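Read through the structure below, which is laid out as structure tokens, and then see the notes.
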Amino acid sequence: MGETAMRTIANVITSIVIAFWIVAIAILSVQNYTPVSLKFFTSQSIQIPFGILLALSTGIGMIGVTVIQPFWNIGNSRQDNNVLDDDAEFFVDEEDF
């Protein structure tokens with residue numbers, strides 16, 4: 001398979017996962033209209049419906065992962081270069097000696 005085919009498949013899978021979460025949130029929103037409030041130590045938030053809270057949490061999580069993901073790639077590329085340098089020093093042909 002070519003690189004473009006792999007990207008297309010990855011995009012389709014990503015779209016399916018996001019669509020599944022949107023449908024799941026919509027169903028939960030309709031079924032769970034009960035207001036909830038978040039407690040953190042002694043502070044408490046206003047009461048909002050569970051579905052809206054779930055949608056906000058999912059949206060914030062997706063945005064957070066999108067913002068943080070480029071930093072993961074930078075760290076992985078630096079680490080990959082170090083691994084390649086270590087491998088070059090470790091593997092030596094015995095015929096050269």
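Here are the numbers for this structure:
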item: Filtered residues of region 49-64 (kept if at pLDDT below 85 and either of a type in the set (A, V, I, L, M) or assigned to a helix (DSSP H, G or I) (or both)); result: PHE50, GLY51, ILE52, LEU53, LEU54, ALA55, LEU56, SER57, THR58, GLY59, MET62
item: Hey, ASN73 at pLDDT below 85, under 30 Å from ALA19 (Cα atoms) and part of a helix (DSSP H, G or I) or not; result: yes
item: Every pair of residues 6+ apart whose Cβ atoms lie under 7 Å, when the first sits in region 18-42 and is farther than 13 Å from ILE52 by Cα while the second is exposed (fewer than 12 other Cβ atoms within 10 Å of the Cβ); result: none
item: Residues located in region 4-48, provided they are part of a helix (DSSP H, G or I) and more than 23 Å from MET62 (Cβ to Cβ); result: THR4, ALA5
item: Exclusive hit being loosely packed, with under 10 Cβ neighbours inside 10 Å and either in contact with a Gly (Cβ under 7 Å, 6 or more places away or on another chain) or at pLDDT 75 or above (or both), set PHE97, PHE40, PHE91; result: PHE40
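The values are calculated or read from the model by the stated rules, or taken from the named source; none is laboratory data. Predicted, not measured: the structure shown is a model, and the values here were computed from it. Every residue, glycine as well, gets a Cβ built from its backbone with ideal geometry; the counts of neighbours run over all protein chains shown.
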